[in-house]
1. How would the range 95-135 be classified by its alpha-carbon gyration tensor: rounded, prolate or oblate, with rounded meaning a/c under 1.5 and the a/b versus b/c comparison settling the rest?
2. With the Cα gyration tensor of the range 5-93 in hand, convert its eigenvalues to equivalent ellipsoid semi-axes via √(5λ) and list them largest first in whole Å.
3. Using 18 Å as the cut-off for backbone N distance, which residues of the range 14-44 belong to the label zone defined by a point 7 Å from the Cα of Y80 along Cα→Cβ?
4. Among F46, Q132, Q62, whose Cα lies farthest out toward the positive end of the dipole of the chain, if unit charges sit on the beta carbon of Lys, Arg (+1) and Asp, Glu (-1)?
5. Gaussian network model of the chain, Cα springs within a sub-10 Å range: biggest mean-square fluctuation belongs to which of G72, G59, G22?
6. Taking H as built 1.01 Å from N, whose amide H comes closer than 5 Å to the amide H of L75, not counting residues under 5 places away?
7. In debye, nearest 20: dipole of the chain around its Cα centre with unit charges on the Cβ of K, R (+) and D, E (-)?
8. Between D124 and E40, what's the calculated FRET efficiency when r is the beta-carbon distance and R0 is 35 Å? Round to 0.05.
Amino acid sequence: MFEELKISPSVYEELMRAKRAGYSFVDDIFVNIEIILLSENEFNSFRNLLENEKNMHEGECQLISLCISRKGILLTNDRYVKNYCRENRIEFLDLEEILRAMKLRNILKREELKTLIEDIEKKDRTIVKAKQEILEDLF
């Protein structure tokens, strides 16, 4: 769905922990991503965020610093991070927006999308609030 996916070193480390724990989905992610190292200015921005934003993890702080510096779009489903992005005019996409885009671009058919949403809700213990809207027939 995305032409380029880039992650920070901290996100890479999080994914590696998942891989070591036996989650094989990580292998597919590693094929399609680029790990971006932070410049000195980006690292200073990251440190500032990490020290001042107690509700954000290392990976989120690194990604926000990279998105600000390189005009990227952050992918997040974290409510605190989304609010921070809104307040600081940082572009982001959340899970519901990604699911809508998958539907609009015909990446997944309705039943595939329904199954994906059910899996996300069950396995990730996440509620997709706009589920019915997303699943409405548009095709």
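1. Details: a/c = 1.95, a/b = 1.53, b/c = 1.28.
Prolate is the answer for the range 95-135, as a/c is 1.5 or above and a/b outweighs b/c.
2. On the way: eigenvalues 98, 39, 34 Å².
Values for the range 5-93, descending: 22, 14, 13 Å.
3. 14
4. With unit charges placed on the Cβ atoms, the residue in question is Q132.
5. Sorting by GNM fluctuation, first place goes to G22.
6. L93
7. On the way: 23 positive and 28 negative charges, 45 e Å.
For this selection, approximately 220 debye.
8. The computed FRET efficiency comes out at 0.50.
Just so you know, all these numbers are worked out from the coordinates, no wet-lab data involved. All of these numbers come straight from a predicted model, not from anything done at the bench. Don't worry about glycine lacking a Cβ; one is built from the backbone with ideal geometry, like all the others, and counts go over all protein chains shown.
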